[in-house]
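> Before we start, here is the structure in question, set down as structure tokens.
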Amino acid sequence: MILSGWGRFPKLECRVTRPRSDAEVRALVAEGALIARGNGRSYGDAALSARGTVDMRGFSRMLSFDAETGLLVAEAGVLLADIIAAFLPRGWFPLVTPGTKFVTLGGMIAADVHGKNHHKDGSMAASVEWVEVMDGDGMVHRASRAENPDLFGFTLGGMGLTGIILRAAIRLRPVQSAWILQETVPAPDLAAAMALFEASAEATYSVAWIDCLASGANLGRSLVMLGEHAAPSDLDNRRRARPLVAPAKRLLTVPFDAPGFALNRYSVGAFNALYWRKGRRSAGRALVDWDSYFYPLDGILHWNRIYGRKGFAQFQCVLPLAASEPGLRALLGEIAASGQGSFLAVLKRFGAQDSRFSFPMEGYTLALDFPVNPVTLALLDRLDAITLDHGGRFYLAKDARMSAATLRRADPRLPAFLAMRAAEGRARSFASALSERLDL
Amino acid sequence: MTLSRENLSPVLILGGRSDIGLACAHAFAAKGHPVQLAARKVASLQPEATDLGLRYAVPVSTHEFDVLDTAGHAGFLDSLPAAPGIVICAIGMMGEQEAGEMDFAAAAQVMRSNYEAPAAILGLIANRMEATGTGTIVGISSVAGDRGRATNYVYGSAKAGFTAFLSGLRNRLAKTGVHVVTVKPGFVATRMTDGMDLPAKLTAQPEELGAAVLKAVTRKRNVIYVRPVWALVMAIIRNIPEPVFKKLKL
Ligand SMILES: Cc1cc2nc3c(=O)[nH]c(=O)nc-3n(C[C@H](O)[C@H](O)[C@H](O)COP(=O)(O)OP(=O)(O)OC[C@H]3O[C@@H](n4cnc5c(N)ncnc54)[C@H](O)[C@@H]3O)c2cc1C
Ligand SMILES: NC(=O)c1ccc[n+]([C@@H]2O[C@H](COP(=O)([O-])OP(=O)(O)OC[C@H]3O[C@@H](n4cnc5c(N)ncnc54)[C@H](OP(=O)(O)O)[C@@H]3O)[C@@H](O)[C@H]2O)c1
């Protein structure tokens, strides 16, 4: 079966199996060189293996829930969307969520995903109590901060390369409503955007949409969006009667691949300028339902098709705090000069994080996507170099094209990760197109 | 608990382990229906029952049931915690066509599992529903029953029998409050078809079956094809003249 990540680049012919029980996974593991796949929402080649891609969506059962503590035990293939559907009506919401709800629990753990609250609540790891991981010998290990802490540490952010996550226990957060109080603040340039983030450390959620085609004095102009879970008293009477219910959204779908020329510097530039003007005009406070707030793109099924058949590549880096401003300036300058615009440029402040191989660290993260073509691939190499020069690193869940050498320069934690891979024959048992490309 | 639910009638899933049956259970539980899962070796279905209960906060019970044990049918129905208002039979067995050709015992097993025994239990349920004047019976048959083909006519003939049985039952009960829905899936990505190379555009996911069955029950549809394109595919296949059809490799 031909598979790809969400970016539809690269595509690879993969042998795919969908086990439903530990015994079925064990039988697969015995054959060697596997990678687990969740819902394929990583952008590049992290969840692809020609020899053995293990589709974990057969592990889709919720196993227990403690209504006192909010502790949910579930199989790794359970979708975040299903967790929300089941528990938001009872007053619980995921502590950490990425920008799409169509991800699996296993995928969120393996990528140690971050949300708009990273500066306050940390990454996915903060909500994970324990994981159960099958190793290359078919043995299942429970790992937590207390039990098998090394396995726990490397599995969070380990991109499936420590073994197959079968089950996990995560803590949900209590919420009083299905609504978010959102405040949109326009920032005319990068310094203003960063100042807003620094001044908003207390906000639960913060993220900025950044116009990556703006240059000169407008470089880095952004709409900074802050959010808080709304209390019933924030809602009007009608909504307050059922605070945990928000209207279901109508789904739109992109039915076919857009032709390659649909996206160019003029259309993206026009979109971005329009979005900026509209955002600036409607700035201020608004009450937004959870789905529109956290998952605006989920309303458009198959939106990845707008980039055409050749697919697109995400670039996401994080720069250490001290180097963030000059680093972002250099990155944005390079992008604006290239004219290779991105609709979805996102800037976010990360809080401190100490982890074995996870992506986040204290500083600023910038995420953008580009249609795949020789010009953008060359641009991405230049963005890599700028990131390295500023001591930054890259998000493997988004990456599809970085070189093994770049990764080695970016991440001093690599030797420890490789040692973990070498021990107990993990590298032999678990491998993905990503691990082969990056020599992990 | 802030979930408010009307008093919805329980849905009984015969073949509670089947991917299609479970998808139906999810669809109805999401609407608030209590669920009764009936299957062989039902103890191993506890995780599914727990999952349904956790997701939808509805009562879920599990019941040991082997459809081939026709003598046990009445006792099985009596043992349910409440008489189900909706019964979905997802039991089926593909078998190996070649084994069925060589060994009639193997063919009979397929015939009995897809037709005779499901007809027996649904007939019994129909009588009980008729007595109360309400209820819905859903039989998962198959497009394979629309025309016998060399590659799976043992299974197909049993499904043809089952389809005809459902049609007759619907006709008989039309003047009572009992409704019968015939579901004809084409290809569905389930355990039954694991490892087969199925054409993506013609292949439904189990969840599509769940949604389609829920809709068919709500709207009192008689016969549905899932995916709908199969109605067209089968209309063509049924209309190929026999002299031509018999020479085709299908
Ligand atoms: C629109 C959109 C917005 C996004 N926003 C964010 C965001 O805000 N923050 C963020 O952090 N990420 C974000 N992402 C990325 C996404 O959250 C991650 O890539 C996530 O890992 C995808 O989960 P998945 O279940 O689809 O996993 P896949 O993409 O299938 O796999 C991702 C990785 O997890 C591993 N994996 C999956 N399941 C298992 C398992 N059971 N055992 C072991 N390893 C496993 C795979 O091997 C692979 O390395 C976004 C993606 C999209 C498409
Ligand atoms: N998948 C398809 O492409 C497709 C297409 C058309 C029609 N269908 C029909 O859809 C229905 C559901 O099938 P599925 O695709 O969900 O496959 P499945 O998972 O294999 O379901 C078949 C179920 O029938 C049960 N069963 C068989 N014999 C039984 C018996 N004697 N007593 C009790 N239960 C018995 C099996 O139970 P155990 O788990 O105990 O074995 C199994 O759960 C079947 O009627 C099938 O013929 C399927």
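Just so it is clear, none of the values below were taken in a lab; they were calculated from the coordinates. These figures come from a predicted structure and were not determined experimentally. A quick note on method: Cβ atoms are made from the backbone with ideal geometry, for glycine too, and the neighbour counts reach across all protein chains shown.
> Among all lysine pairs in segment B:11-245 that are eight or more places apart or on different chains, how many have alpha carbons less than 19 angstrom apart?
Details: B:Lys31/B:Lys215; B:Lys31/B:Lys220; B:Lys159/B:Lys184; B:Lys175/B:Lys220; B:Lys184/B:Lys201; B:Lys184/B:Lys215; B:Lys184/B:Lys220.
Close lysine pairs found across segment B:11-245: 7.
> Once you wrap a convex hull around the alpha carbon atoms of chain A, what is its projected area averaged over all directions, in nm²? Could the numbers behind the result be given before it?
Values: hull surface 79.0 nm².
The Cα convex hull of chain A, projected and averaged over all directions, gives 19.7 nm².
> If I model a spin label as a point 7 Å beyond the Cα along the Cα-Cβ vector, how far apart are those points for B:Ser79 and A:Glu183 in nm?
6.2 nm
> Then there's this: Grab the other residues whose beta carbon is less than 15 angstrom from that of B:Lys175, score K and R as +1, D and E as -1, and report the net.
On the way: positive: B:Arg170, B:Arg172, B:Lys220; negative: B:Glu130.
Around B:Lys175, the surrounding residues sum to +2.
> Once you list every other residue whose beta carbon is under 15 Å from the beta carbon of A:Gly351, what net charge do they have if Lys and Arg are +1 and Asp and Glu are -1? Mind dumping the intermediate values first?
Values: positive: A:Lys116, A:Lys120, A:Lys348, A:Arg349; negative: A:Asp112, A:Asp121, A:Glu198, A:Glu202, A:Asp354, A:Glu362.
With Lys, Arg at +1 and Asp, Glu at -1, the neighbours total -2.
> Okay, next question. Hey, what did segment A:179-405 get for relative contact order, percent, Cα under 8 Å, at least 6 apart?
Values: 405 pairs, mean separation 55.4, N = 227.
Normalised by residue count, the contact order of segment A:179-405 is 24 percent.
> Just from its helices, what would the mean residue ellipticity at 222 nm be for chain A, if runs of 4 or more DSSP H residues each count -39500 (n - 2.57) and the sum is divided by every residue, rounded to the nearest 500 deg cm²/dmol?
Values: 15 runs with 129 residues, N = 440.
My calculation for chain A gives -8000 deg cm²/dmol from helical runs alone.
> While we're here: Any idea what the relative contact order of chain A is, in percent, if you count C-alpha pairs under 8 Å spaced at least 6 apart?
Values: 1017 pairs, mean separation 82.9, N = 440.
It rounds to 19 percent for chain A.
> Among the helices of chain A (complete DSSP H runs), which have Cα atoms covering no less than 20 Å along the helix axis and a Kyte-Doolittle mean of at least -0.5? Mind showing how you got there, number by number?
On the way: long enough: A:265-281 (24 Å, -0.95); A:321-338 (26 Å, 0.73); A:374-389 (23 Å, 0.83).
Passing helices, by number: A:321-338, A:374-389.
> Where Rh is the Kirkwood radius over the Cα pairs of segment B:120-250, the temperature 4 °C and the viscosity 1.567 mPa s, what D in µm²/s does Stokes-Einstein return?
Numbers: Rh = 15.9 Å.
The diffusion coefficient I find is 82 µm²/s.
> So what are the radius of gyration and Dmax for the Cα set of segment A:179-405, in Å?
Cα-based Rg and Dmax for segment A:179-405 come out at 18.3, 58 Å.
> Could you work out the Rg to Rh ratio of segment A:82-208, with Rh taken as the Kirkwood radius (inverse of the mean 1/r over all Cα pairs)?
Numbers: Rg = 17.0 Å, Rh = 16.2 Å.
Expressed as Rg/Rh, it is 1.05.
> Decide, for segment A:1-83, between rounded, prolate and oblate: order the square roots of the alpha carbon gyration tensor eigenvalues as a ≥ b ≥ c, take rounded if a/c falls under 1.5, and otherwise choose prolate if a/b is larger than b/c, else oblate. Before the final figure, lay out each step's value.
Working: a/c = 3.25, a/b = 1.54, b/c = 2.12.
Oblate shape, in that a/c is at least 1.5 and b/c is the bigger or equal ratio.
> Using Cα-Cα distances under 8 Å and only pairs 6 or more residues apart, what relative contact order does segment B:11-245 have, in percent? Numbers along the way, then the final one.
On the way: 405 pairs, mean separation 45.5, N = 235.
So the answer I get is 19 percent.
> Return the ratio Rg/(2.2 N^0.38 Å) for segment B:11-245, where Rg is computed over Cα atoms only. Could you put the intermediate results ahead of the total?
On the way: Rg = 17.2 Å, N = 235, 2.2 N^0.38 = 17.5 Å.
Here the Cα radius of gyration is 0.98 times the empirical estimate.
> Next question. Which order do the peptides A:64-74, A:184-194 come out in when sorted by mean C-beta neighbours inside 10 angstrom, highest first? Please report the intermediate quantities before stating the final value.
Values: A:64-74: 16.2, A:184-194: 19.0.
Sorting A:64-74, A:184-194 by mean packing, highest first, produces A:184-194, A:64-74.
> Using the Kirkwood radius over C-alpha pairs as Rh, can you work out the diffusion coefficient of segment B:1-145 via Stokes-Einstein at 20 °C, viscosity 1.002 mPa s, in µm² per second?
Rounded to a whole number, D works out at 134 µm²/s.
> Take the alpha carbon atoms of segment A:392-440, find their center, do the same for segment B:120-183, and report the distance between the two centers in whole angstrom.
First find each Cα centre; the distance between them is then 56 Å.
> Still on this model: Treating the Cα atoms of segment A:127-172 as identical point scatterers in vacuum, please give the log10 of the normalised Debye intensity I(q)/I(0) at q = 0.31 Å⁻¹, two decimals.
-1.25
> For the residue pair B:Ala57 and A:Lys310, what label-to-label distance in nm results when each label sits 7 Å from Cα along the Cα-to-beta-carbon direction?
Modelled inter-label distance: 5.1 nm.
> Rounded to the nearest 5, what is the percent of antiparallel bridges among the DSSP beta bridges in the protein assembly as shown? Numbers along the way, then the final one.
Details: 65 of 102 bridges.
About 65 percent, rounded to the nearest 5.
> First select every other residue whose beta carbon is under 12 angstrom from the beta carbon of B:Ala150; then total the charges, Lys and Arg +1, Asp and Glu -1.
Numbers: positive: B:Arg147, B:Arg149, B:Lys246, B:Lys247, B:Lys249; negative: B:Glu98, B:Glu101.
Net charge around B:Ala150: +3.
> Which value at 222 nm does chain B reach when only helices count, each DSSP H run of 4 or more adding -39,500 (n - 2.57), with the total divided by all residues and rounded to the nearest 500 deg cm²/dmol?
On the way: 10 runs with 109 residues, N = 250.
Calculated mean residue ellipticity at 222 nm is -13000 deg cm²/dmol.
> Could you check the simple spin-label distance between B:Ala105 and A:Leu418, using points 7 Å along Cα→Cβ, in nm with one decimal?
Those two pseudo-labels are separated by 6.1 nm.
> In addition: Once the Cα atoms of segment B:1-72 are picked out, what are the Rg and Dmax in Å?
12.3, 44
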